[in-house]
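Before any comments, here is the structure.
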Amino acid sequence: MLLAAQSGEGGSVVGATLRSPSSLRWPWPRASRSADRFFDHKLKMRGLSRTTKLLIIVVVVACSALILLNMFELNNIKETTKPAQSIKPKVLNQPKYVVYTKDGKTGHLKHVYNVMRRLGYEEAQIEENWDVLWSHPYPFTILPALKHLQPHQKVNHFPGSGFITNKANLATMDIPYVPKAFRLPKDKQLLFEHVKRNPKKVFVQKSNHHRGIQISNVNELDLSANGTFVQEYVDRPLLVDGYKFDIGVYTILTSVDPLRVYIYNGDVLFRFCPEKYHPFDPKVVDKYVIGDDYLPTWKVPSLKKYFTDGGFSMKESFDAYMREIGKEPEKVWKAVKSAIQEVYLRTEMSILNLLSQYKTKRTFYEMVRFDFVIDEDLNVFIMEANMSPNLSSQHFPPNSILYEQVLYSLLSLVGVGQNVHKQSLLRTKEDIIMQVNSKQTGVYPEICGTRCETCMAPECQICQRCLTADMKHTLESAYLEHINRHECRRVFPPPMVSVLKQYSVKQECSIIIINICTYTDSERGSTELRFGFL
């Protein structure tokens, strides 16, 4: 640092070069005389005035203070930034899920793990306090503790779902969408009478294991085999490029009382027989039986141009092909929905009776895959309903997208895919009100606001003042399902707008329309109200 000072009368200029403050001795002398002697000796400034010397001292001290201040600030910056580099993100407690299999092997459930992890769940053991159980087998005969679940816990099966997924139960349900079937040996005589009326019919003999199926005449069947059933074969199947196929529709049961059923509408699973149907030979089962090594959609030329080249879904590719050959696919999908409705309505009371043995009926949901075949006239027939349908894409990797989208929509629909992120699925009253309250579930102000001072009339039963606590919960659950359904669409109660016409109610609402449909059970002879949202 270079400082210049000018004397008073002598006119001489004296220059002094000061070293940096770090080279000066500390501490500085406090008294002015000591300061004079110090600078006279060290800096040889005897020719400077006392004022100039003090000015130099002030400048040096100020510069030293600034340097010390800068050093202090730099040190603070190091102290504050260094710990930040070593801080690890805090891991919050996550809701927990359990995957259960009989043999402990879970490789075929890879996509279940993928989706649960992306939804923010942490894997747990069955003995722990979990939120979601995904069981591959039917769990209720294996895990008796499921009778005492907490309301926030979720299980991916319904007690009594075997009334639907048991092949013999489904085949002998006697509804229009299921080919005629007879249990053996119990219904042997009924089978003979049916054959007499329909001599050209051929049959397949099945069991719940679904192995060894082959077309036979009635005189070739083993009519004494216990635990089997005989079912009519659907002849004249619709073919695509000469291949017979079936259609897998993912179906979700979210409630039994009241009944609510959805299908995954984003896509369906098409599976084709590995060999062409004609020339037909009943001894070559690969012409008409669809197994694990089926022919996928992207290997069928008429669908490949849509699915692979055009990037469409399997359902969209099939629909485009049907219109190309002059057929209407809407007829197929309408019949598919009607068939699913029939099955659940027929088994509803059986499931409900078994469900009454459980502490709560709201912790269960179930996804099954209904497999359909179609004949040349576009008639639809249910072949089976698969509990815990195959979700492994090991053989067919392109199916991984379908499986994970199905799982994501399913788990969102039933509330496992969370909108409110917490450490468990347990919800406070405030959490629920934030998502749904009477403003969303209130309906028919023209009636409820003027005609329902009492709750005796049927049309008043869903007015807010008339709702029981259980009914409020039902409406809230249906509303949340509607909001969170993604690609799922409700098939029961069916979407209807012709509701309560006798009361001339305007069928509009600012957000959503509630659907109340009447259903008469032919067996019970009762008419009930069914709740859902359009």
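The values are calculated or read from the model by the stated rules, or taken from the named source; none is laboratory data. The shown structure was predicted, so the numbers you read here are calculated from the model rather than taken from an experiment. So basically every Cβ, Gly included, is an ideal-geometry build from the backbone, and we count neighbours across all protein chains shown. Protein only, heavy atoms only, side chains kept; ligands, DNA and RNA dropped before computing areas. Shrake-Rupley method; radii C 1.70, N 1.55, O 1.52, S 1.80 Å.
Please tell me if residue 187 is at positive phi and either surrounded by fewer than 16 Cβ atoms within 10 Å (Cβ to Cβ) or not hydrophobic (A, V, I, L, M, F, W, C) (or both).
So residue 187 fails the test.
Can you name the residue in the stretch 464-479 that is hydroxyl-bearing (Ser, Thr, Tyr) and touching a residue at least 12 places away in the same chain (Cβ under 8 Å) and, of all such residues, is farthest from residue 436 (Cα to Cα)?
At the first step, the residues of the stretch 464-479 found to be hydroxyl-bearing (Ser, Thr, Tyr) are 468, 474, 477, 479.
This time we only want the ones that are touching a residue at least 12 places away in the same chain (Cβ under 8 Å), so: 474, 477, 479.
On the way: 474: 12, 477: 9, 479: 8 Å.
Step by step, filter the stretch 464-479, then rank; the result is 474.
Might you let me know whether the stretch 258-266 holds any residue that is of a type in the set (Gly, Ala, Ser), within 20 Å of residue 186 (Cα to Cα) and in contact (Cβ under 8 Å) with a residue 12 or more places away in the chain? Can you show your working first?
From the stretch 258-266, those of a type in the set (Gly, Ala, Ser) are 266; that's our starting set.
If we keep only those that are within 20 Å of residue 186 (Cα to Cα) as well, we get none.
Checking the stretch 258-266: not a single residue is of a type in the set (Gly, Ala, Ser), within 20 Å of residue 186 (Cα to Cα) and in contact (Cβ under 8 Å) with a residue 12 or more places away in the chain.
Can you name the condition, by its number, that residue 275 falls short on among (1) farther than 22 Å from residue 490 by Cβ; (2) under 28 Å from the mean Cα position of the chain (by Cα); (3) among the acidic types (Asp, Glu); (4) surrounded by fewer than 18 Cβ atoms within 10 Å (Cβ to Cβ)?
Unmet for residue 275, out of (1) farther than 22 Å from residue 490 by Cβ; (2) under 28 Å from the mean Cα position of the chain (by Cα); (3) among the acidic types (Asp, Glu); (4) surrounded by fewer than 18 Cβ atoms within 10 Å (Cβ to Cβ): (2).
Restricting to the stretch 359-372, what's the tally of residues that are modelled with pLDDT under 95 and touching a helix residue (DSSP H, G or I) at 6+ places or on another chain (Cβ under 8 Å)?
Residues meeting the conditions: 3.
For residues in the stretch 135-156 being over 20 Å from the mean Cα position of the chain (by Cα) and among the polar types (S, T, N, Q), which is most open to solvent (accessible area, probe 1.4 Å)?
Result: 141.
Does any residue in the stretch 176-193 that is over 16 Å from residue 220 (Cα atoms) and touching a residue at least 60 places away in the same chain (Cβ under 8 Å) come within less than 7 Å, Cβ to Cβ, of a residue that is open to solvent by less than 70 Å² (accessible area, probe 1.4 Å) and assigned to a loop (DSSP other than H, G, I, E, B) six or more places away or on a different chain, and which pairs are these?
179/234
Among 342, 316, which is the only one that is open to solvent by 30 Å² or more (accessible area, probe 1.4 Å), touching a Phe, Trp or Tyr at 6+ places or on another chain (Cβ under 8 Å), free of Cβ contacts under 8 Å to residues at least 60 places away in the same chain and acidic (Asp, Glu)?
Working: 342 fails: free of Cβ contacts under 8 Å to residues at least 60 places away in the same chain.
Only one candidate qualifies: 316.
Checking residue 416 against (1) within 24 Å of residue 367 (Cα to Cα); (2) of a type in the set (Val, Ile, Thr); (3) open to solvent by 30 Å² or more (accessible area, probe 1.4 Å): exactly one of these is not met. Which one?
Going through (1) within 24 Å of residue 367 (Cα to Cα); (2) of a type in the set (Val, Ile, Thr); (3) open to solvent by 30 Å² or more (accessible area, probe 1.4 Å) one by one, residue 416 breaks only (3).
Quick check, is residue 353 over 23 Å from residue 494 (Cβ atoms), open to solvent by 70 Å² or more (accessible area, probe 1.4 Å) and assigned to a loop (DSSP other than H, G, I, E, B)? Break it down into steps so the answer makes sense when it comes.
Working: over 23 Å from residue 494 (Cβ atoms): yes; open to solvent by 70 Å² or more (accessible area, probe 1.4 Å): yes; assigned to a loop (DSSP other than H, G, I, E, B): no.
No: the conditions fail for residue 353.
Residue 162: surrounded by 14 or more Cβ atoms within 10 Å (Cβ to Cβ), of a type in the set (Gly, Ala, Ser) and over 17 Å from the mean Cα position of the chain (by Cα), yes or no?
Numbers: surrounded by 14 or more Cβ atoms within 10 Å (Cβ to Cβ): yes; of a type in the set (Gly, Ala, Ser): yes; over 17 Å from the mean Cα position of the chain (by Cα): yes.
Against the criterion (surrounded by 14 or more Cβ atoms within 10 Å (Cβ to Cβ), of a type in the set (Gly, Ala, Ser) and over 17 Å from the mean Cα position of the chain (by Cα)), residue 162 qualifies.
Of the conditions (1) at pLDDT 95 or above; (2) surrounded by fewer than 16 Cβ atoms within 10 Å (Cβ to Cβ); (3) under 42 Å from the mean Cα position of the chain (by Cα), residue 193 fails just one. Which one is it?
For residue 193, the exception is condition (3).
Condition check: open to solvent by 50 Å² or more (accessible area, probe 1.4 Å), under 27 Å from residue 338 (Cβ atoms) and not hydrophobic (A, V, I, L, M, F, W, C). Does residue 323 satisfy that? First the steps, then the outcome.
Details: open to solvent by 50 Å² or more (accessible area, probe 1.4 Å): yes; under 27 Å from residue 338 (Cβ atoms): yes; not hydrophobic (A, V, I, L, M, F, W, C): yes.
Answer is yes for this residue.
Between a first residue in the stretch 154-165 that is under 20 Å from residue 99 (Cα atoms) and a second residue that is open to solvent by less than 10 Å² (accessible area, probe 1.4 Å) and aromatic (Phe, Trp, Tyr), which pairs have beta carbons less than 6 Å apart while being 6 or more apart in sequence or on different chains?
Final answer for the pair search is 155/364; 158/364.
State all residues of the stretch 373-405 that are in a helix (DSSP H, G or I), in contact with a helix residue (DSSP H, G or I) (Cβ under 9 Å, 6 or more places away or on another chain) and open to solvent by less than 20 Å² (accessible area, probe 1.4 Å); if no residue qualifies, say none.
402, 403
Within the stretch 281-312, how many residues turn out to be open to solvent by less than 20 Å² (accessible area, probe 1.4 Å) and in a loop (DSSP other than H, G, I, E, B)?
So the count comes out to 3.
Return the residue satisfying two criteria in turn: it lies in the stretch 427-482 and is part of a helix (DSSP H, G or I) and of a type in the set (Lys, Arg), and of such residues it is farthest from the chain's Cα centre (by Cα). Write out each step before concluding.
Residues of the stretch 427-482 part of a helix (DSSP H, G or I): 429-435, 438-441, 445-448, 458-460, 464-466, 469-482.
From what is left, the residues that are of a type in the set (Lys, Arg) are 429, 439, 465, 472.
Values: 429: 23, 439: 26, 465: 34, 472: 24 Å.
Restricting to residues being part of a helix (DSSP H, G or I) and of a type in the set (Lys, Arg), the top hit is 465.
What number of residues in the stretch 96-134 are over 20 Å from residue 402 (Cα atoms) and open to solvent by less than 60 Å² (accessible area, probe 1.4 Å)?
Quick first cut of the stretch 96-134, residues over 20 Å from residue 402 (Cα atoms) only: 96-105, 120-133.
Of the ones still in play, those that are also open to solvent by less than 60 Å² (accessible area, probe 1.4 Å) are 96-101, 104, 120-121, 124, 126, 130-133.
Here the count works out to 15.
So is residue 225 farther than 18 Å from residue 351 by Cβ, touching a residue at least 24 places away in the same chain (Cβ under 8 Å) and small (Gly, Ala, Ser) or not? Even if it seems obvious, please write down each step before you answer.
On the way: farther than 18 Å from residue 351 by Cβ: yes; touching a residue at least 24 places away in the same chain (Cβ under 8 Å): yes; small (Gly, Ala, Ser): yes.
The answer is yes for residue 225.
Filter the stretch 202-235 down to residues that are over 19 Å from residue 277 (Cβ atoms) and of a type in the set (A, V, I, L, M) and give me whichever is least open to solvent (accessible area, probe 1.4 Å).
Per the criteria, the residue is 230.
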